[in-house]
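The values are calculated or read from the model by the stated rules, or taken from the named source; none is laboratory data. Small disclaimer: the values here were computed from a predicted structure and weren't measured. Cβ coordinates were reconstructed from backbone atoms using ideal geometry, including for glycine residues, and neighbour counts include every protein chain displayed. Surface areas here come from the heavy atoms of the whole protein model, side chains and all, with no ligands, DNA or RNA. Shrake-Rupley method; radii C 1.70, N 1.55, O 1.52, S 1.80 Å.
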Amino acid sequence: MELLKDLEFRGLVNQMTDEDGLKEQLNKPTTLYTGFDPTADSLHIGHLLPILTLKRFQEAGHHVIALVGGATGMIGDPSGRSDERSLNTLDTVKQFSDRIKDQLSRFLPLEGENPISIRNNYEWTEELSIIDFLRDIGKHFPISYMLAKDSVDSRLENGISYTEFSYMLLQSFDFLKLYENENCRLQVGGSDQWGNITAGLELIRRFGHSEKAFGLTVPLVTKSDGQKFGKTAGGAVWLDADKTTPYEFYQFWINVDDADVIKFIKYFTFMSHEDILALEAEVVAAPEKRVAQRRLAEEMTKLVHGEAGLDQAQRITTAFFSGDLKTLKPEDMDAAFKGMPQFELEGERNLVDLLVEAKIAPSKRQAREDVQNGAIYLNGEREQSLDKTVTRADTLGEFTIIRRGKKKYFVIRHV
């Protein structure tokens, strides 16, 4: 009961089946699961909400199963999409599955007092024949029932293949197998999974199982302006540091809008209700201080990338804010300058010529004006000499960093 109250305070309950029955079920240790399809070699922050919701259940004493979709990942979930997914090969899906299993284990402990279990639905589908599947599972799904589900109905106008149409049956089969083999009584998923979850409950009922199972969905995360959460100009915000650096990750959270920050703190952090309400009052009283954004960025970066990742992200942030790039450590360089415009320099070059060649300034005239007006900085220090020659002696680590104006950075790689 305390768990559900906490979930409701945080806005994490979108829908649930049989609220009274679920509350009674959760008064005792309950096995539950959420599925994660391996559609890429890393999870992204859109996956964090269900992952952290599972963690809340685990910390409340319930047994959590994280299901990696080695089978369903071969098919593609039509939920929340307007077009067909590109299908990956079996080898690719297996590789993605292993990576996702490793990532899940970072957030959900595999050892200790109440370890979670990680399963892969390829285990019970690998040897399953199409005839057995159609006879034993397909016969329980009337076409009219499937067509009424939002995940299918929303795709009918633009078209849906039989492959994706069958996804609902596979996910329902997962719930049935986990119910029978692991006594799993609850499936948790995003709100777009409601149709698939209730289909699984119906399959369990049709198989004649008397002990009730339940479904609960968490909201899909969107920003206050309705835009999709977890996207930047560079694409998705990944949990893999090689794809999204700790600095980029930190910056994503620290730039959250005032209208969203408390909602995201409730969703994604484990801060107490009292601390959250105090931060909420601070946002109202002094939004310009962005105290809540800094706390959110700190909590999330530490959760995903550890203390070392948070330290690096804060070092880089401080260096860019102050303009003192020389405070950066050598190991910070790649992370700090990832995604910035880069130019390869052979030998040495007059600064004005370099500004034009590297497309930092549109013309020599503009380049000269920028230098003379004090708008050009080399490695954080203003450079106003038109005779300046940029050489390897001007490197910071392996690069020369040119800043034009207050925020436009360019990386010069010496080759």
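Here the dipole of region 315-399 is about 240 debye; that uses its Cα centre as origin and unit charges on the Cβ of Lys and Arg (positive) and Asp and Glu (negative). Within a straight-line Cα-Cα reach of under 20 Å, Lys212 can be paired with the following aspartates and glutamates, leaving aside sequence neighbours fewer than 8 residues apart in one chain: Asp18, Glu19, Asp20, Glu24, Asp174, Glu180, Glu182, Glu202.
In the context of the full set of protein chains, residues of the chain present 48 Å² of accessible surface per residue (probe radius 1.4 Å, heavy atoms only). Straight-line reach from Lys228: taking Cα to Cα under 17 Å and skipping same-chain neighbours fewer than 8 places apart, the lysines in range are Lys263.
Which whole-number percentage describes the relative contact order of the chain, with Cα contacts under 8 Å and a sequence gap of 6 or more?
14 percent
Taking a straight line from the alpha carbon of Lys359, these aspartates and glutamates sit under 17 Å away, with near neighbours fewer than eight places off in the same chain left out: Glu344, Glu346, Glu348, Glu369, Asp370. To the nearest ten degrees, helix 258-268 and the longest principal axis of the Cα atoms of the chain are 50 degrees apart. Does anyone have the angle between helix 291-322 and the longest principal axis of the chain? Alpha-carbon axes, 0 to 90°, nearest 10? The answer is roughly 10 degrees.
For region 239-347, GluC sites (Glu not before Pro) meeting the loop criterion (DSSP other than H, G, I, E, B) and having at most 14 other Cβ atoms within 10 Å: Glu346. For region 74-181, a crude dipole built from +1 on the beta carbon of Lys and Arg and -1 on the beta carbon of Asp and Glu, taken about the Cα centre, is about 120 debye to the nearest 20.
Per the Debye formula on identical point scatterers at the alpha carbon atoms of region 224-282, with no solvent, log10 I(q)/I(0) at q = 0.15 Å⁻¹ is -0.53. Reducing region 8-59 and region 117-158 to their Cα centroids gives an inter-centroid distance of 22 Å. Note that region 342-414 shows a convex hull volume over its alpha carbon atoms of 74 Å³ per residue.
Close amide H partners of Cys184, meaning residues 5 or more places away or on another chain with modelled amide H under 5 Å apart, are Tyr179. Of the solvent-accessible surface of the chain, computed with a 1.4 Å probe and all protein chains present, 47% belongs to carbon and sulfur. What whole-number distance in Å separates the alpha-carbon centres of region 344-389 and region 298-313? Cα centroid of region 344-389 versus Cα centroid of region 298-313: 36 Å apart. Projected label points at Ser363 and Ile143, each 7 Å from Cα along the beta carbon direction, are separated by 6.8 nanometres. Computed with a 1.4 Å probe over protein heavy atoms only, the accessible area of Lys23 comes to about 50 Å². Taking Cα atoms only, the orientation of helix 273-285 departs from the longest principal axis of the chain by about 40 degrees. Could you pull out the pairs from Lys302/Lys388; Lys28/Lys177; Lys243/Lys388; Lys23/Lys266 whose alpha carbons sit more than 32 Å apart here? Correct reply: Lys302/Lys388; Lys243/Lys388.
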